[in-house]
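My questions will all concern the structure given below.
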Amino acid sequence: TVRRKLTIAEGLTTRQVLALITAADGLTGKMTDNPGEGALLPETYFFSHGDSRSDLVGRMARGMKDFLAREWLGRAENITLKNLKEALVLASIIEKETGRDGERARISAVFHNRLRRGMRLQSDPTVSYAITGPLRLLDRALTRGDLKTVSPYNTYRVYGLPPTPITNPGRESIHAALHPSSN
């Protein structure tokens, strides 16, 4: 059997991931449900010709659930997050804030400090998501007017975390959300 692979990059929305799965040569069947934003673990997945698209989505969702649960058990003591959902939401914001491994823990620390102090997160990627939602990416720079967008995702207007993740975060961003730097 020839093994095929599909690489899912960190920071893609679930809609983008499902589009890649739909277009993947060799997978069969339709996907029966949308697992929701942030539910799929980005990495390289191997499959055989004839494997089911729904089964692959299920593997991705189980991968995210299992990895997040393991990371939660080893989380830092000083974090402000109350549960796995909050960890996933913060990780998704960190994922969109930077692609650099060395910056993730520092960005996480900034967000944890703001949450602890009751401040707004003021994250540009949440504003972009507030404008476009999961349907598309913002194809322009943010404006000052964008920062006034009324949405529960706009962390320039609302306090705390958005109601859901804004993307599918990778392992490094999840780790950073649960292990902020101490300086």
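The values are calculated or read from the model by the stated rules, or taken from the named source; none is laboratory data. These numbers were taken from a predicted model, which means no experiment stands behind them. Cβ coordinates were reconstructed from backbone atoms using ideal geometry, including for glycine residues, and neighbour counts include every protein chain displayed. Please note that ligands, DNA and RNA were not included when accessible areas were found on the heavy atoms of the full protein model with its side chains. Shrake-Rupley method; radii C 1.70, N 1.55, O 1.52, S 1.80 Å.
Give or take rounding to whole Å, what are the principal axis extents of the alpha carbon atoms in the range 51-143, in descending order?
46, 39, 24
Cβ under 15 Å from Gly74's Cβ, Gly74 left aside: what net charge do those residues give with Lys, Arg +1 and Asp, Glu -1?
Values: positive: Arg70, Arg75, Arg171; negative: Asp66, Glu71, Glu77, Glu172.
Charge balance near Gly74 sits at -1.
Still on this structure: Picking from Thr1, Ala23, Leu12, whose Cα lies most toward the positive end of the charge dipole for the chain (charges on Cβ: Lys, Arg +1; Asp, Glu -1)?
With unit charges placed on the Cβ atoms, the residue in question is Leu12.
Give me the distance in nm between label points sitting 7 Å out from Cα along the Cα-to-Cβ direction at Ile131 and Thr22, one decimal.
2.5 nm
I need the calculated FRET efficiency for the pair Lys30 and Leu73, taking r as the beta carbon distance and R₀ as 35 Å, to the nearest 0.05.
Values: r = 36 Å, r/R0 = 1.02.
The computed FRET efficiency comes out at 0.45.
So, R0 is 22 Å and r is the distance between the beta-carbons of Arg3 and Leu84; what FRET efficiency does that work out to, to 0.05? Can you show the working numbers first?
Numbers: r = 32 Å, r/R0 = 1.44.
So the FRET efficiency works out to roughly 0.10.
In nm, to one decimal, how far is the modelled label at Thr149 from the one at Ala61, with both set 7 Å along Cα→Cβ?
Reported label-point gap for Thr149 and Ala61 is 2.7 nm.
Let me ask you something else. Tell me the net charge near Gly26. Cut-off is 12 Å between Cβ atoms, Gly26 excluded, with +1 for each Lys or Arg and -1 for each Asp or Glu. Display every interim value, and only then the final one.
Numbers: positive: Arg3, Arg4, Lys5, Arg53; negative: Asp25, Asp51.
That works out to +2.
How big is the dipole moment of the chain about its Cα centre under a simple scheme where the beta carbon of each Lys and Arg is +1, that of each Asp and Glu is -1, and everything else is neutral? Debye, nearest 20, please. Don't jump to the answer; show the numbers that get you there.
On the way: 27 positive and 19 negative charges, 76 e Å.
Around 360 debye, computed over the chain.
Where Lys and Arg each count +1 and Asp and Glu each count -1, what net charge lies around Gly99 among other residues with Cβ under 13 Å from its Cβ? Provide the component values of the computation, followed by the final result.
Numbers: positive: Lys96, Arg100, Arg104; negative: Glu10, Glu95, Glu97, Asp101, Glu103, Glu172.
Summing Lys and Arg as +1 and Asp and Glu as -1 gives -3.
Go through the range 73-90 residue by residue and turn each phi into a ³J(HN,Hα) via Karplus (6.51, -1.76, 1.60, θ = phi - 60°); whole Hz please, and just put x for glycine and proline.
4, x, 4, 5, 6, 8, 7, 9, 7, 9, 7, 4, 4, 4, 4, 5, 4, 5
Gain in length, Asp139 to Thr44, computed as 0.36 nm per residue apart minus the alpha-carbon separation, to one decimal in nm? Please list the in-between numbers first.
Details: separation 95, 0.36 × 95 = 34.20 nm, distance 2.69 nm.
Answer, rounded to one decimal: 31.5 nm.
For the range 59-164, calculate the relative contact order in percent as a whole number, restricting contacts to Cα pairs under 8 Å that are 6 or more residues apart.
Details: 102 pairs, mean separation 25.5, N = 106.
After rounding, I find 24 percent.
Let me ask something else. Skip the ligands, DNA and RNA, and give the accessible area per residue of the chain with a 1.4 Å probe, whole Å². It would help to have the intermediate numbers written out before the result.
On the way: 9770 Å² over 183 residues.
Per-residue value: 53 Å².
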